[in-house]
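Trainee: Just dropping this structure here.
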C-alpha cells in the first residue's frame, strides 16, 4: 500500500500540526511535525509519499491532481479549527475520486470530541489522538486490539478506545524521512541559515496552563541517543539550523544536561531555537544551551499582571520572568516573549500592565496573541461556563488574527484594538528598530526580518 502524508491546501498559510490551529502571522511555515514523525513510523511498513500543499503553495486543483497521480490507499492528513471549513470539502472531493482510500486525520478540533466530527463527516475513517505511535499501522492492518490512541470507524460503529495519557513516560520513533519533505520551503523568523528542520525530542507538557491543550495530552521523553542520532542525520542532509518544537525544552534538567553535553561533544555546528519556561532554565542550563548552538529561546510570558498569571495556573512570577530575560541577555541568547491578551477577568488596566511589562523586560521579539478557547482546554470550559462563547464555536485562530470572545468586561472588538495598540507600542519604537537592525548577523536573517516587518504591518 502507498500511504500519503498530506498537509492540505488553504486560502491562507495555515499551521495545523501538533494540535495547533492558526494562521502564520510572521510569514513562517515549519515542517508539519505530525507528518514528519509518522513518515518514519509508516515507512517501515509502507511506501510513503508527502504533499505539503501549504509549503508548496498548491491550489486545491493542483493538490488534487497530485493526489490522483499518487493513488494512495490511505491518507494521513492535517486539519484544524482554523481551516476545518476548507479541509472537509476538499477531503470529500478526494474521497469521491478515490472511493477506497482510507482517510485518517490529526488536528486540534478532533481532540475534544472526535466522535462528533466523525459522525458529521462520514468520509473520515479514523482520528489520530497521539501521532507518536503505530496506531495507523494497526488500523490499516486490521489489528484493532493493538490500537490505543486512534478513534476509528468499524462498519457502522465508531470505536473510541479507553485512552490513558499517562501510560507511557518514554517513547521511541524511527528517524523521520525528512528528505521526502520540501525542506527548502520551510522558514522561521529566527533562523540565521537555511535549510532548517523541525525536531521533536519530547511530547506534550507536564504543566497545566489553562489555555493550552498540551496540558491534556500527557508527557513523555525520547532517549538522548536517539535525538543525537536524528541531529546527525539532519546534518548529513545539509541542515544548517534546527527548531526544537518541544513545548518546554529542558523541562527535565538531568536529561537536558545530558543532551546538551552530547551536542557539544559531537560538535554538530547546528544553530537552533526552542520554547522553554522562565522557571525551568537557569544559568547552568542556559550556558550549556548557548555552547550547544542555541541562539533564540521563546518564553510564554502571557501577562504583566500577576493576578492574571495566577488565574491561568502559569505557576511563575513577574520577578522570575524579569530575572530570566536579563540572564538570557547577559549570555547573548535572544528572546521572544509571547503574551495572551483578553483572558477571562482581563481589564484594560491589566492589558496596559502587560504592554508596559513587555517593554520593560526587553525581549528581542514579542508575539501578542488574543485568548482563544482552544478545544479540550480548561480555558474553553471556563469560557463556556461564563457564557463568553457558545458551545458550537469550532472555527478559531490561535494566533489571534481575530478574537472570538470578550473577557466579561472587554468586548471582542476592544480586545483586538488593544492588541493593535500593544504591537504598535512595542515594535514601532525607534530604539527598538535601531537595535533590531544593529543585531542582524546574516543575510538570511536580514531577509527574514524584512518579511516579518511586512507581515506585522499587514496583520495590523
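The values are calculated or read from the model by the stated rules, or taken from the named source; none is laboratory data. Since the model is a prediction, treat every value here as computed from it, not as a measurement. Positions of Cβ are backbone-derived with ideal geometry, glycine not excepted, and every protein chain shown enters the neighbour counts.
Trainee: Looking for whichever is outside the structural domain of residue 365 (by TED's automatic domain parsing), under 30 Å from residue 267 (Cβ atoms) and touching a helix residue (DSSP H, G or I) at 6+ places or on another chain (Cβ under 8 Å) here; the options are 136, 173, 228. Which one fits?
Mentor: Values: 136 fails: under 30 Å from residue 267 (Cβ atoms); 228 fails: outside the structural domain of residue 365 (by TED's automatic domain parsing).
173 is the lone residue from the list that is outside the structural domain of residue 365 (by TED's automatic domain parsing), under 30 Å from residue 267 (Cβ atoms) and touching a helix residue (DSSP H, G or I) at 6+ places or on another chain (Cβ under 8 Å).
Trainee: Then there's this: Check off (1) surrounded by fewer than 18 Cβ atoms within 10 Å (Cβ to Cβ); (2) part of a helix (DSSP H, G or I) for residue 259 and give me the number that stays unchecked.
Mentor: Unmet for residue 259, out of (1) surrounded by fewer than 18 Cβ atoms within 10 Å (Cβ to Cβ); (2) part of a helix (DSSP H, G or I): (1).
Trainee: Here is a list of conditions, (1) assigned to a helix (DSSP H, G or I); (2) without any contact (Cβ under 8 Å) to a residue 40 or more places away in the chain, and residue 274 meets all of them except one; can you say which number that is?
Mentor: Looking at each condition in turn, residue 274 falls short on (1).
Trainee: Another question, then. Quick one: in segment 370-389, which of the residues that are out of contact with any helix residue (DSSP H, G or I) (no Cβ under 8 Å at 6 or more places or on another chain) and outside any loop (DSSP other than H, G, I, E, B) is surrounded by the fewest Cβ atoms within 10 Å (Cβ to Cβ)?
Mentor: Restricting to residues being out of contact with any helix residue (DSSP H, G or I) (no Cβ under 8 Å at 6 or more places or on another chain) and outside any loop (DSSP other than H, G, I, E, B), the top hit is 385.
Trainee: Output the residues belonging to segment 1-41 that are surrounded by fewer than 24 Cβ atoms within 10 Å (Cβ to Cβ), in contact with a strand residue (DSSP E or B) (Cβ under 7 Å, 6 or more places away or on another chain) and in a loop (DSSP other than H, G, I, E, B).
Mentor: 1, 12, 13, 24, 28, 30
Trainee: While we're on this one: Can you name every residue in segment 222-243 that is in contact with a strand residue (DSSP E or B) (Cβ under 8 Å, 6 or more places away or on another chain) and either in a helix (DSSP H, G or I) or crowded, with 20+ Cβ neighbours inside 10 Å (or both)?
Mentor: Within segment 222-243, 222, 227, 230, 231, 234, 239, 241, 242, 243 meet the criteria.
Residue-wise test of (1) part of a strand (DSSP E or B); (2) outside the structural domain of residue 407 (by TED's automatic domain parsing); (3) in contact with a strand residue (DSSP E or B) (Cβ under 9 Å, 6 or more places away or on another chain); (4) free of Cβ contacts under 8 Å to residues at least 40 places away in the same chain.
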| position | (1), (2), (3), (4) |
| --- | --- |
| 320 | no, no, no, no |
| 323 | no, no, no, no |
| 337 | yes, no, yes, yes |
| 345 | no, no, no, no |
| 353 | no, no, no, no |
| 362 | no, no, yes, yes |
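Trainee: Let me ask something else about it. Take the residues of segment 125-134 that are assigned to a strand (DSSP E or B) and closer than 23 Å to residue 220 by Cα: which is farthest from the chain's Cα centre (by Cα)?
Mentor: Filtering segment 125-134 down to residues assigned to a strand (DSSP E or B) leaves 126-128.
Keeping just the survivors that are closer than 23 Å to residue 220 by Cα gives 127-128.
Working: 127: 18, 128: 16 Å.
So the residue we want is 127.
Trainee: Looking at the structure I just gave you, is residue 54 in a loop (DSSP other than H, G, I, E, B), touching a residue at least 12 places away in the same chain (Cβ under 8 Å) and crowded, with 19+ Cβ neighbours inside 10 Å? Don't jump to the end; show me each part of the working.
Mentor: Numbers: in a loop (DSSP other than H, G, I, E, B): yes; touching a residue at least 12 places away in the same chain (Cβ under 8 Å): yes; crowded, with 19+ Cβ neighbours inside 10 Å: yes.
Spelling it out, residue 54 is indeed in a loop (DSSP other than H, G, I, E, B), touching a residue at least 12 places away in the same chain (Cβ under 8 Å) and crowded, with 19+ Cβ neighbours inside 10 Å.
Trainee: Which members of segment 135-160 meet the condition of being modelled with pLDDT of 95 or more, part of a loop (DSSP other than H, G, I, E, B) and closer than 22 Å to residue 113 by Cα?
Mentor: Within segment 135-160, 147, 148, 149, 160 meet the criteria.
Trainee: Would you check which residues across segment 176-216 are out of contact with any helix residue (DSSP H, G or I) (no Cβ under 9 Å at 6 or more places or on another chain) and in a loop (DSSP other than H, G, I, E, B) and list them?
Mentor: 182, 186, listed by residue number.
Trainee: Exactly one condition in (1) within 26 Å of the chain's Cα centre (by Cα); (2) more than 22 Å from residue 398 (Cβ to Cβ) is false for residue 80; which is it?
Mentor: Among (1) within 26 Å of the chain's Cα centre (by Cα); (2) more than 22 Å from residue 398 (Cβ to Cβ), residue 80 violates only (2).
Trainee: Within segment 287-314, can you find the residues that are surrounded by fewer than 23 Cβ atoms within 10 Å (Cβ to Cβ) and on the phi > 0 side of the Ramachandran plot?
Mentor: 293, 313
Trainee: In this structure, does residue 279 turn out to be in a helix (DSSP H, G or I) and either touching a helix residue (DSSP H, G or I) at 6+ places or on another chain (Cβ under 7 Å) or without any contact (Cβ under 8 Å) to a residue 12 or more places away in the chain (or both)?
Mentor: Values: in a helix (DSSP H, G or I): no; either touching a helix residue (DSSP H, G or I) at 6+ places or on another chain (Cβ under 7 Å) or without any contact (Cβ under 8 Å) to a residue 12 or more places away in the chain (or both): yes.
The answer is no for residue 279.
Trainee: Keeping to segment 113-132, report how many residues are out of contact with any helix residue (DSSP H, G or I) (no Cβ under 7 Å at 6 or more places or on another chain) and over 18 Å from residue 213 (Cα atoms).
Mentor: Of the residues in segment 113-132, 7 are out of contact with any helix residue (DSSP H, G or I) (no Cβ under 7 Å at 6 or more places or on another chain) and over 18 Å from residue 213 (Cα atoms).
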